[in-house]
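Step one of this worksheet: look at the structure below.
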C-alpha cells in the first residue's frame, strides 16, 4: 500500500507521472501509457495550453462537439454548439428548435445581471452600532479597492451594493457583508474574490482603529471571503408561445388543445413533486450544460445556482413553467446563470473560442439568452416525448450506434440495423440477436484442403 502513495507528484514530468500511475494502478502499464498518449493533441504548443488548465495532467478526455441548428432566438437564427456525450440530447434540442421556428421561435428577456460575493466575519459587538457605521464603512471599503475596480468601472461594472447581514442569532458573533457586483461580459470570479479579500483587510483596519468602538469591539476575525454561485438576481427568461390550435402537429393522437393540456399537466407535476422535478431539471441541464461547456464556462457553478434556485421556497421544483390562457399555450423558464464571454477558457480553448464565433461573439447577456433557450428547447422535447411516444423510442434509436459499437458491429451492420430497427424496439439483447443472425446468414468461406 505504501508504494501507491506519493509526495510531490506535481513536481514530476508528464512522462514520469504516467509511468508512476501505470505501474502502480493498472494491469498493463505499456497499454495504459499508449492510451494516454493516443489522446494528446498533435500540436505540442496547444497541448501545453491544455495541460495548463489543470494539475497533474496526463492526457485529454474527449467529448463529442455537435451543433443544434435552426434556433430562432429573439428574431435571430443560431446554430448552437453543444458538448455532451448523452445520446439524443443534441437531436432533441434541434428537433424542438425546428418545431418552434415557424411558431415565432424563442423570446428571451434578461431580468438582471447582478452577481454576489460574501465576506464572512466574526465580531463581538452590537449589531446596531455596526449598522450605524455602515455608511462610513461603505465609503472606506470602496476607496480601498479602487486599484482593483478601476478597469471594471470603465467597462460599466464594479461594486453595486454592500449590505451588512447580522447572522448572530444563528451563529455566535457571525456577520456578513453581502456584496453585489456587475462584471459586464466577464464571469468575474477572480475580480469578485480579489475585491472581497481586499474588503477583509480593510474591514479589519476600519474596526480595529475606529474611535467610536470600544477596545473590546475592535476585534474582528475574517472567516472567509468568496463569491456565491447562487445568483438569483442574475437571471434570464426564455419562452415559447402560440395558440393551442397551432399545436395540432405536436402529436398524431391528440389535437392541439389536448396536447397542450397534457403537456401543461406534466410540467405542473414537476412543480409539485420533487422526485419528478429532479429528473425534469436534469433534462433542462442536458441542454444548458452542453452549451456552457462548449463556450468555456463553468457548468458546475451553473448547476449549483439552478438547483438552489429551484428550491428557493423550501421545496425543490421545476425550473420551467407552463400555462394555457385564452387559448394560448405558453412555456417558459426563469434561469439564474452567471456567464462570461471574455477571459478564462473563452479565449484559451480553441473550441470555446470557435463556439463564441459561431454564436456571433455574443455579450454575456446574449449568451444567457441563448443558453436559456437551449435549456427550454431540451425540456420541451423531453416532455413532449414523455406525454406522447414515451422517452425510450427516440433515446434508444440514438443509442443504437453505441450498442453496435459495443458489440463490434461494422459500418455495414450499422446501415442494416438502422433499417431493421425503424419499427422495432431497440435493446441490447435485440441488437445482439440481430448481429448474430447477420453473422449466421453470411456465406461461409471455403477452406482449401490442398
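The values are calculated or read from the model by the stated rules, or taken from the named source; none is laboratory data. No experiment lies behind these values; they were computed from the predicted model shown. Every residue, glycine as well, gets a Cβ built from its backbone with ideal geometry; the counts of neighbours run over all protein chains shown.
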**Study point:** Single match in 36, 119 (criterion: assigned by TED's automatic domain parsing to the domain that holds residue 178 and either under 27 Å from residue 184 (Cβ atoms) or outside any strand (DSSP E or B) (or both))
**Key:** 119
Review point. If you go through region 13-28, how many residues are surrounded by 10 or more Cβ atoms within 10 Å (Cβ to Cβ) and more than 15 Å from residue 59 (Cβ to Cβ)?
Key: 3
Check your understanding: Given the conditions (1) under 30 Å from residue 334 (Cα atoms); (2) not in a helix (DSSP H, G or I), and given that residue 97 satisfies all but one, which numbered condition is not satisfied?
Key -> (2)
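Looking at 198, 171, which is the one that is on the phi < 0 side of the Ramachandran plot, over 29 Å from the mean Cα position of the chain (by Cα) and in a loop (DSSP other than H, G, I, E, B)?
171
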Check your understanding: Could you list, in sequence order, the residues of region 338-369 that are buried (at least 24 other Cβ atoms within 10 Å of the Cβ) and either out of contact with any strand residue (DSSP E or B) (no Cβ under 6 Å at 6 or more places or on another chain) or free of Cβ contacts under 8 Å to residues at least 12 places away in the same chain (or both)?
Key -> 339, 341, 367
Practice item. Taking residue 111 as meeting all but one of (1) in a strand (DSSP E or B); (2) farther than 30 Å from residue 386 by Cβ, write down the number of the exception. Key: (2)
Review point. Take the residues of region 201-228 that are surrounded by 19 or more Cβ atoms within 10 Å (Cβ to Cβ) and assigned to a loop (DSSP other than H, G, I, E, B): which is farthest from the chain's Cα centre (by Cα)?
Key: 213
**Study point:** Residue match in region 438-448 (condition: modelled with pLDDT under 80 and under 28 Å from residue 62 (Cβ atoms))
**Key:** no
Practice item. For residue 81, indicate whether it is modelled with pLDDT of 95 or more, surrounded by fewer than 16 Cβ atoms within 10 Å (Cβ to Cβ) and touching a strand residue (DSSP E or B) at 6+ places or on another chain (Cβ under 9 Å). Key: no
Revision key, fill the gap. Turns out the helices (runs of 4 or more DSSP H) fully within region 320-428 with at least 1 residues that are more than 30 Å from residue 227 (Cα to Cα) and modelled with pLDDT of 95 or more are 350-358, 364-387
Review point. Filter region 145-167 for residues that are out of contact with any helix residue (DSSP H, G or I) (no Cβ under 7 Å at 6 or more places or on another chain) and either part of a strand (DSSP E or B) or touching a residue at least 12 places away in the same chain (Cβ under 8 Å) (or both); which is farthest from residue 128 (Cα to Cα)?
Key: 155
Review point. Tally time: how many residues in region 235-293 are out of contact with any helix residue (DSSP H, G or I) (no Cβ under 8 Å at 6 or more places or on another chain) and closer than 12 Å to residue 375 by Cα?
Key: 1
